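**Student:** For reference, the structure I am asking about is given below.
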Amino acid sequence: MLEIADVTNTAADFQLAVMSLRQADIRSELNVTEIPSPDKLAKHSLALAAHVGAQSHAAQADAGTGRFVLLNSDTPQEGWGGNFRIICFAKSPLETDIGQDELITDVCWAWLEDSLKARRAGYALQAGTITRIISQGYGAMSGQSDHAELELRASWSPTDSNFSAHLEAWQDLLCMMSGLPPESGISRI
């Protein structure tokens, strides 16, 4: 079970959401831990970080990393369509030739939507950006080979109380971006 700090001094609907998150299946390829939540985005929030691979995220820093943030407000927020919003970040290395393909951003966004659907996570008002980064060394770094990264920043509003499904979908997305096989019927490129 996912270890999350005590939230008994928060709103009842946020406590129920956190209880659901604690029930999420954590993929064995990931090290998922709670991290400090961002301030001033909502009355209640919970943030998680994930790293692909070994328990030491420093050793696997370039294998894939991500953040999952659950926000909750006592009143519906404009643009959220309700009292909850999920924000996620996922970043992974790519083969340089794949990183140069402009369609990889469309594929990545489809992975996010497919992950949410495959986990039966109800959602609405999704928004986000995907960035392809191609790096080439110069000068003293000219001997390094070119490398590419893919970075997704997205948010959506859950339309159900199955918050564990949203967390599991985010994990699937991060694993897919890092080249790991899907667990829930998501198609690979």
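The values are calculated or read from the model by the stated rules, or taken from the named source; none is laboratory data. As the structure is a prediction and not an experimental result, all values here were calculated from the model. Note: ideal-geometry Cβ built from the backbone for every residue, glycine included; neighbour counts use all protein chains shown.
**Student:** Give the residue, chosen from 164, 135, that is among the polar types (S, T, N, Q) and in contact with a helix residue (DSSP H, G or I) (Cβ under 6 Å, 6 or more places away or on another chain).
**Tutor:** 164
**Student:** Can you tell me which residues in region 137-156 are over 21 Å from residue 50 (Cα atoms) and either under 19 Å from the mean Cα position of the chain (by Cα) or of a type in the set (Phe, Trp, Tyr) (or both)?
**Tutor:** 138
**Student:** A further question on this structure: When the residues of region 124-142 are narrowed to those that are modelled with pLDDT of 95 or more and of a type outside the set (Val, Ile, Thr), which ends up nearest to residue 177 (Cα to Cα)?
**Tutor:** Filtering first and then ranking leaves 128.
**Student:** Also, quick follow-up: I need the full set of residues from region 137-170 which are surrounded by fewer than 20 Cβ atoms within 10 Å (Cβ to Cβ), touching a residue at least 60 places away in the same chain (Cβ under 8 Å) and not in a strand (DSSP E or B), in order please.
**Tutor:** If the condition is that a residue be surrounded by fewer than 20 Cβ atoms within 10 Å (Cβ to Cβ), touching a residue at least 60 places away in the same chain (Cβ under 8 Å) and not in a strand (DSSP E or B), then 159, 161, 162, 164 are the ones that fit.
**Student:** Any idea which residue in region 60-118 is farthest from residue 145 (Cα to Cα), counting only those that are basic (Lys, Arg) and free of Cβ contacts under 8 Å to residues at least 40 places away in the same chain?
**Tutor:** 117
**Student:** On to the next question. Checking the condition in contact (Cβ under 8 Å) with a residue 24 or more places away in the chain and crowded, with 16+ Cβ neighbours inside 10 Å, which residue from 48, 16 passes?
**Tutor:** Testing whether each residue is in contact (Cβ under 8 Å) with a residue 24 or more places away in the chain and crowded, with 16+ Cβ neighbours inside 10 Å leaves just 48.
**Student:** Looking at (1) assigned to a strand (DSSP E or B); (2) surrounded by 18 or more Cβ atoms within 10 Å (Cβ to Cβ), which is the one condition that is false for residue 111?
**Tutor:** For residue 111, the failing item is (1).
**Student:** Turning to a different aspect of this structure: Among the listed residues 24, 5, which satisfies the condition of being surrounded by 14 or more Cβ atoms within 10 Å (Cβ to Cβ), touching an Asp or Glu at 6+ places or on another chain (Cβ under 7 Å) and either of a type in the set (A, V, I, L, M, F, W, C) or touching a residue at least 24 places away in the same chain (Cβ under 8 Å) (or both)?
**Tutor:** 24
**Student:** On to the next question. Against the definition (part of a loop (DSSP other than H, G, I, E, B), of a type outside the set (Phe, Trp, Tyr) and modelled with pLDDT of 95 or more), how does residue 188 come out, yes or no?
**Tutor:** No.
**Student:** From the list 121, 61, which one is part of a loop (DSSP other than H, G, I, E, B) and either at pLDDT 95 or above or over 21 Å from residue 180 (Cα atoms) (or both)?
**Tutor:** Every option except 121 fails the conditions.
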